[in-house]
Amino acid sequence: MHDLNDLLFFTAVVEQAGFSAAARVLNLPKSSVSRHVARLEARLGVRLLERSTRKLRVSEVGREYYSRCRAILADLDLADRDVSEHRSKPAGIIRVSCPTGIAQYGLAFIVPGFMARHPLVRVQILATNRLIDLIEDKVDVAIRARTRLQDEALTMRKLGTSRLIFVASPEFLASNMTPPDPAQFADLPFLSFQEETARPSWKVTGPDGETQIVTFDPVLWTSDFTILLEAACSGTGVALLPAQVVERALSERRLVRILPEWHSESVTIHLVFMTKRGLTSAVRVFINYLAAQFKVIWEERG
């Protein structure tokens, strides 16, 4: 295997016209420099330098090899400077996965500000409720919402929390009796964002910490929160949605909260990424920006 130090030390000897001068420039013992050059010559099977007690001469093969080494080291130096510049000025593509609802009611208000601040960064958002594998799906950062965090071999950063609450339109409530208990909601048309199941179940908490598992039979299910919100406002049925999503509709009285003492378990919204070490500057600043802005856009609205 090639050792770049061999090339570096050989190049220094040629440019400094001697082992002693090269050792001083490299701040190394002369013996170390000599050993590296000798090892390089042994690997190549040629004499690169002609040595005598008073003089050092670069062989013809050595001169050709030096020019190649100089080009290699120059390219390496340029690569280092490119990486350093890339780290200091965020640039490149960031692939972000996010649940559909959080993309609509969180990222939609955050990403434009980030891109205005970092114009060299391009962002691809994969809005999906499918569990993303960061390596398999080539994703830099994934946003997840969980009632219980999984023991994942990933780095996590908490963004905020949310709770799901029961809502319906005033028109719906005017023609349907509100059950006094969530278990009786199964008799009402339900709107669900768990599109992968026809009979979703939720653990809900009520007064004094009482909990119930409630199963619903939806008339509409989709991961698109906008569709569910408009359907609820139109009187299609009862919805269990994040407080942040229905906040405006509640303030405009297009929706009414049902059984306000009941809500879902707390949902933790967090980022996952492979490791803090080796993150590009673009991904690093995105994570920090998202964490700061999410509290304003999402957390404080709930």
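Return the residues of segment 22-45 that are farther than 18 Å from residue 63 by Cβ and either in contact with a His (Cβ under 6 Å, 6 or more places away or on another chain) or among the small types (Gly, Ala, Ser) (or both); say none if nothing qualifies. Please lay out each step first, then the result.
We begin by selecting, within segment 22-45, every residue farther than 18 Å from residue 63 by Cβ; these are 23-36, 38-39, 42-43.
Across segment 22-45, the qualifying residues are 23, 31, 32, 34, 38, 42.
Would you mind stating whether residue 50 is assigned by TED's automatic domain parsing to the domain that holds residue 68, free of Cβ contacts under 8 Å to residues at least 24 places away in the same chain and closer than 17 Å to residue 71 by Cβ? Spell out how you get there, then give the answer.
Working: assigned by TED's automatic domain parsing to the domain that holds residue 68: yes; free of Cβ contacts under 8 Å to residues at least 24 places away in the same chain: yes; closer than 17 Å to residue 71 by Cβ: no.
So residue 50 does not fit the description; no.
Can you tell me which of 167, 141 is more than 30 Å from residue 91 (Cβ to Cβ), at pLDDT 85 or above and either touching a helix residue (DSSP H, G or I) at 6+ places or on another chain (Cβ under 9 Å) or surrounded by fewer than 18 Cβ atoms within 10 Å (Cβ to Cβ) (or both)? Break it down into steps so the answer makes sense when it comes.
Numbers: 141 fails: more than 30 Å from residue 91 (Cβ to Cβ).
Answer to the check: 167.
Return yes or no: is residue 165 touching a residue at least 12 places away in the same chain (Cβ under 8 Å) and in contact with a Cys (Cβ under 9 Å, 6 or more places away or on another chain)?
Details: touching a residue at least 12 places away in the same chain (Cβ under 8 Å): yes; in contact with a Cys (Cβ under 9 Å, 6 or more places away or on another chain): no.
Taking the combined requirement at face value, the residue does not satisfy it.
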Seminar exercise, completed: Residues in segment 18-45 that are surrounded by 13 or more Cβ atoms within 10 Å (Cβ to Cβ) and outside any helix (DSSP H, G or I) total 2
Seminar exercise, completed: Only one of (1) in contact with an Asp or Glu (Cβ under 9 Å, 6 or more places away or on another chain); (2) modelled with pLDDT under 90 does not apply to residue 93, and that is (2)
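So that you can scan it fast, the table gives a plain yes or no per residue for (1) of a type in the set (Phe, Trp, Tyr); (2) over 30 Å from the mean Cα position of the chain (by Cα); (3) at pLDDT 90 or above:
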position: 148; (1), (2), (3): no, no, no
position: 160; (1), (2), (3): no, no, no
position: 173; (1), (2), (3): no, yes, yes
position: 180; (1), (2), (3): no, yes, no
position: 193; (1), (2), (3): yes, no, no
position: 237; (1), (2), (3): no, yes, yes
Problem set entry | Output for segment 125-138, where each listed residue is crowded, with 17+ Cβ neighbours inside 10 Å and assigned to a strand (DSSP E or B) | 127
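Looking at segment 165-180, is at least one residue among the charged types (D, E, K, R) and assigned to a strand (DSSP E or B)?
Taking segment 165-180 as the starting set, the residues that turn out to be among the charged types (D, E, K, R) are 171.
After this cut, where a residue has to be assigned to a strand (DSSP E or B) as well, the list is none.
Looking for residues that are among the charged types (D, E, K, R) and assigned to a strand (DSSP E or B), one finds none in segment 165-180, hence no.
Can you spot a residue in segment 143-158 that is of a type in the set (S, T, N, Q), assigned to a strand (DSSP E or B) and in contact with a strand residue (DSSP E or B) (Cβ under 9 Å, 6 or more places away or on another chain)?
Yes; the residues of segment 143-158 include at least one that is of a type in the set (S, T, N, Q), assigned to a strand (DSSP E or B) and in contact with a strand residue (DSSP E or B) (Cβ under 9 Å, 6 or more places away or on another chain).
The values are calculated or read from the model by the stated rules, or taken from the named source; none is laboratory data. These numbers come from a predicted model, not from an experiment. Using ideal geometry, Cβ is built from the backbone for each residue, glycine included, and neighbour counts are taken over all protein chains shown.
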